[in-house]
Amino acid sequence: FIAAPFFCLTNDELIVFTRRITGAIIVAGICFLLFPFRFGFAQPHAGGLIGSLFDWFRGVDAPYNLFPSLHVALCLLLAAVYVRHTMGLARPAIIVWFTLIGFSPLLTYQHHLLDVIGGLALAACCFYTFRELPSS
């Protein structure tokens, strides 16, 4: 998240990126206030060190503010910057990494599938609303 602005090569690209991130956070925040959905299923318990780590994260993470998944929306907005500015073996590695990040809210029982779809839609709206300026 921290390095993405430094990949933007022009001021226009940085402005579009900033607007997309800001727009996603504002829209998701409004949705969280209007629709404070909660996670509907019991989360399975994992044992051992991993289980302790997940229990700590669950203690920090609130079980609401699920729709749309801001994790997924920000993941897509960031992935677009990294994919655009990488080449060679780094590009497929970035794609795999961000794909795993995108699935992680489902795999860690943080979000429902509908929340993830909402995050995808939110990112799509940000891409549509704040378009790249054509290069001269």
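Structural remarks
- Enumeration of residues in region 65-106 that are of a type outside the set (A, V, I, L, M) and in a loop (DSSP other than H, G, I, E, B): Asn65, Phe67, Pro68, Ser69, His85, Thr86, Gly88
- When each of Val16, Val81 is tested for being at pLDDT 75 or above and either under 14 Å from the mean Cα position of the chain (by Cα) or open to solvent by 60 Å² or more (accessible area, probe 1.4 Å) (or both), the lone residue that passes is Val81.
- In region 84-106, the residues that are among the hydroxyl-bearing types (Ser, Thr, Tyr) and loosely packed, with under 14 Cβ neighbours inside 10 Å: Thr99
- Matching entry among Phe98, Phe103 (being of a type in the set (A, V, I, L, M, F, W, C) and touching a Cys at 6+ places or on another chain (Cβ under 8 Å)): Phe98
- Checking Phe130, Phe98 one by one, the residue that is at pLDDT 90 or above and either in contact with a Gly (Cβ under 7 Å, 6 or more places away or on another chain) or charged (D, E, K, R) (or both) is Phe130 and no other.
- A count restricted to region 107-136 and to residues that are surrounded by fewer than 18 Cβ atoms within 10 Å (Cβ to Cβ) and in a loop (DSSP other than H, G, I, E, B) stands at 8.
The values are calculated or read from the model by the stated rules, or taken from the named source; none is laboratory data. These numbers were taken from a predicted model, which means no experiment stands behind them. So basically every Cβ, Gly included, is an ideal-geometry build from the backbone, and we count neighbours across all protein chains shown. For the accessible areas, the whole protein counts, side chains as well, though only heavy atoms, and no ligand, DNA or RNA atoms are used. Shrake-Rupley method; radii C 1.70, N 1.55, O 1.52, S 1.80 Å.
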